[in-house]
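These notes concern the structure reproduced below.
A short reminder: the numbers here are calculations on the coordinates, not readings from a lab. Since the model is a prediction, treat every value here as computed from it, not as a measurement. Here the Cβ positions follow ideal geometry from the backbone for every residue, glycine too, while neighbour counts run over all protein chains shown.
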Amino acid sequence: MAAGGGRTPSEELHKRRTAAVSRGVSNMLTSYVDHGSGATFTDVDGREWLDFGSGIAVTSVGHAAPRVVEAVRAQVERFAHTCFMVAPYESYVAVCEQLNELTPGTHDKRSALFNSGAEAVENAVKIARHYTGRPAVVVFDHAYHGRTNLTMALTAKNMPYKHRFGPFAGEVYRVPMSYPLRDGGLLGSVAAAQAIDMIEKQVGASNVAAVLIEPIQGEGGFVVPAPGFLPALSAWATQAGAVFIADEIQTGFCRTGDWFACSHESVVPDLITTAKGIAGGLPLAAVTGRAEIMDAVHPGGLGGTYGGNPVACAAALASIETMREEDLNAAARRVESVMVPRLRVLAARHAAIADVRGRGAMLAVELNHPGTLTPHPELAAAVAKACHEAGLLVLTCGTYGNVFRFLPPLVISDEQLGAGLDIIDAAFTEATAR
């Protein structure tokens, strides 16, 4: 339906957005969302979209998940904020109890709640430095950890995340990631040995406060390290007296077919950062870890005005209940079982698809110029555009902008998955025919 001047409601909103919102905040779509349910949302023009992005792995329990909606409504009617550091409340404690139970390892744990993934990572680094008394933080090629000053330093990619925003925080050291498509298929143990050798020679083991890694890299391209890479790094960190931090902000809460991606190789991190899928769309994040590390920080050393907001905590408890009751770990594995065979058939037909990878409902294809390792970001953009034109929301990522990624809500049906895959198939055919 057209708005004033013959514009659609989305076009009218986009005009207002251009006049009111900073240019530095970009939009992938120019359609504006009105409401959503499960794996779909409807824009203000009345067009329904199939969602293969989940707000970047946030709405894992689906849009307007019933338990989440009811929990949020009930909490808002009681109270919306007191600041846990001033006047505490039970739901913050309950979320921490759930995190301590669900995260890998049976050791005694503690948690602290924050607002965003970047905040969680920044606080994990603070905790590790405080506990060890050391300055250096080791991160990896293609990593993404956030947009604050420290987390920009931890992030690898310049544009758009770091460009002209420096100088950045110091004592951050980058080493090679296991990237099977691009490192010649090195065994995980060999790739880890190379990274460890660089740490020991260029940083010094006794200087390392933390080794920080995404078990499957997110924004950097859904890079799945070769088996053995994570366990070797974790073992080295323990031997060196460093804190091993798993950034599970995108991989956590059933996304990869287990509660956390570390569990696929039985890796037990010292600290684990979470956000995104934890609270059904509300802003909440956490650091969970070994009690002796988390409790090493002096009282008052951690916190924030909004951290662990009661409405977000209510949403988190309802999201976790949904994950348990609906067995969304199994749902993520089902997504993989449906999508991966279709993506491999697609790869057999399109030579530009150099790799099909991922785990659970965190899947991707990497696009290169056929027969080479030269990235093909133009094709990724063209396929995404064709999908959007057909009503399927998809995302791209990767250091080179050449990775097409899929993060559907875990409540998606097989029929919806099939419909989305049909659109992707047609989009590749259209984009490669141009």
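Things worth noting here:
- Region 365-390 and region 1-60 have Cα centres separated by 24 Å.
- Label zone at THR432 (point 7 Å along Cα-to-Cβ), backbone N below 17 Å, region 350-377: 350-357, 364-377
- Prolate/oblate/rounded call for region 230-285, Cα gyration tensor, a/c under 1.5 rounded: oblate
- Result for the chain in a Gaussian network model with C-alpha springs under 10 Å: among LEU233, LEU410, LEU271, the largest mean-square fluctuation is at LEU233.
- Placing pseudo-labels 7 Å out from each Cα toward the beta carbon at GLU77 and ARG349 gives an inter-label distance of 5.1 nm.
- DSSP assigns beta bridges within region 68-325; of those with both partners inside it, close to 40 percent run antiparallel.
- Cβ-Cβ distance of GLU70 and ALA381, R₀ of 45 Å, FRET efficiency by 1/(1 + (r/R0)^6): the value works out to about 0.70.
- Fraction of beta bridges assigned by DSSP in the chain that are antiparallel (%, nearest 5): 65
- Cα centroid of region 79-98 to Cα centroid of region 112-165, whole Å: 26
- Cα gyration tensor shape of region 288-332, rounded if a/c is under 1.5, else prolate or oblate by comparing a/b with b/c: oblate
- In summary, the aspartates and glutamates within cross-link reach of LYS201, defined as a Cα separation below 19 angstrom excluding same-chain residues under 8 places away, comprise ASP141, GLU171.
- Förster-model FRET efficiency, 60 Å R0, THR238 and ARG7, C-beta, rounded to 0.05: 0.50
- Each Lys or Arg adds one and each Asp or Glu takes one away; over the other residues whose Cβ falls under 10 Å from the Cβ of GLU171, this sums to +2.
- Distances between placed amide hydrogens fall under 5 Å for VAL243 paired with ALA210, VAL211, all partners being 5 or more residues away or on another chain.
- Antiparallel bridge percentage (DSSP; both residues within region 225-366; nearest 5): 75
- Spacing of the two label points (7 Å from each Cα toward its C-beta) at PHE168 and ALA87, in nm: 4.2
- Every helix of 4 or more DSSP H residues in the chain counts as -39500 (n - 2.57), and over all residues that averages to -12000 deg cm²/dmol at 222 nm.
- The calculated FRET efficiency for the pair THR42 and GLU415, based on their C-beta separation and a Förster distance of 25 Å, comes to about 0.90.
- Here region 1-105 is treated with +1 on each Lys and Arg Cβ and -1 on each Asp and Glu Cβ, and its dipole about the Cα centre works out to around 460 debye.
- Counted as membrane-span-like here are DSSP H helices of the chain whose alpha-carbon atoms extend 15 Å or more along the helix's own axis and whose Kyte-Doolittle mean is 0.0 or above; these are 90-102, 188-202, 229-240, 310-325, 328-349, 377-389, 414-433.
- Over 24 Å (Cα to Cα) - which of LYS162/LYS385; LYS109/LYS162; LYS162/LYS276 fall in this group: LYS162/LYS385; LYS109/LYS162
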